[in-house]
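Some notes on the structure that comes next.
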Amino acid sequence: MKKMLTLLLAVVMTLSLAACAAKNDTPAGSEAAEDSQNPVMNFVGTYGCDRATMIVECKGADAAQFTVTWSSSAATHAEWTMSGKLDTDKLTVDYTDCVKKEVTFNEDGSVASENVIYENGTGTISFSADEYVLTWDDAKEHVADDMVFVGGTVEATDYSAVTAMSGAEVEAFAAFLKGAYLNEEWDVIAEYVKYPVMVNGTAIEDEATLLETLKDKHVSDASFSAMTQERCTDMFFNGQGICMGDGELWLLDPNYMTDETPVLNIVAINGVE
């Protein structure tokens, strides 16, 4: 079942309801502050780091709301939620209210359980003034010491030429797949494949053969570099689908132009050796 896709779509739907205005190019703490707009709006968006995804939203007049999901498997993830006031001089947010949960999912993608691991966790999130990059320092467990996330604005690319999914949904899903690919989690990748799938130019007809083919395979240095640099925003697409990296993954919606629910599947995997 496509459990994580269901989760990701729910996350980006929450993002789409954020009460912030669209991002402009004004650095935080200058004209935005003068206009009495929350300066966090300059950084609102979805950020990724391997298997972790962070969503940044506005909260009130000058604070930020953060939601981090970090997948440990297709059925389980850890979730952190925290908030704090943005220091517009340092471009940092110190938080003291972090709640960490472990969330597990049923086969149909619904939540099976939520277990609170701790409350009132502390840490700092630092933004870059020039690009969509942030750094997370977790003072509670040190699971994220100088952990760098790269992202884009909520004004996601329109992929309507190839799928009815929203741009935010597409890009959040791509960020999830990027992490699985870079971590060589072939069992996770296999859950989102449409057969036959092309692997390094060879057609694979079923999941068992795919997993056997990818067993003990590693991402090449060139493909690792290409996918590391993939921002999962404004991705190239054409009639063959959506391209990630230099073609390491190609995604296609088999339900496009039908009455079926839109869904993205992997139709090509490259760069493994």
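Details
- Among residues of segment 231-273, those that are under 16 Å from the mean Cα position of the chain (by Cα) and of a type in the set (Asp, Glu), counted: 1
- When residues of segment 217-264 are limited to those that are of a type in the set (S, T, N, Q), touching a residue at least 40 places away in the same chain (Cβ under 8 Å) and within 20 Å of THR53 (Cβ to Cβ), the one least open to solvent (accessible area, probe 1.4 Å): THR233
- Check on ASP130, closer than 30 Å to ALA64 by Cα, modelled with pLDDT of 95 or more and either open to solvent by 20 Å² or more (accessible area, probe 1.4 Å) or not aliphatic (A, V, I, L, M) (or both): no
- Residue within segment 167-186 that is free of Cβ contacts under 8 Å to residues at least 60 places away in the same chain and within 24 Å of GLU131 (Cβ to Cβ) present: yes
- Exclusive hit being within 24 Å of LYS59 (Cα to Cα), in contact with a strand residue (DSSP E or B) (Cβ under 6 Å, 6 or more places away or on another chain) and modelled with pLDDT of 90 or more, set THR135, THR88: THR135
- Counting only helices (runs of 4 or more DSSP H) that sit wholly inside segment 166-269, those with at least 1 residues that are of a type in the set (Phe, Trp, Tyr) and in contact with a Ser or Thr (Cβ under 8 Å, 6 or more places away or on another chain) are 167-182.
- In segment 156-208, the residue that is least open to solvent (accessible area, probe 1.4 Å) out of those that are under 19 Å from MET227 (Cβ atoms) and among the polar types (S, T, N, Q) is THR157.
- Qualifying residue in segment 67-79 (condition: of a type in the set (Phe, Trp, Tyr) and open to solvent by less than 50 Å² (accessible area, probe 1.4 Å)): no
The values are calculated or read from the model by the stated rules, or taken from the named source; none is laboratory data. On a predicted model such as this, the values are computed, not experimentally measured, just so you know. FYI the Cβ positions are ideal-geometry reconstructions off the backbone, even for glycines, and counts take in every protein chain you see. Each accessible area value is taken on the protein alone, full model and side chains, heavy atoms only, with ligands, DNA and RNA left out. Shrake-Rupley method; radii C 1.70, N 1.55, O 1.52, S 1.80 Å.
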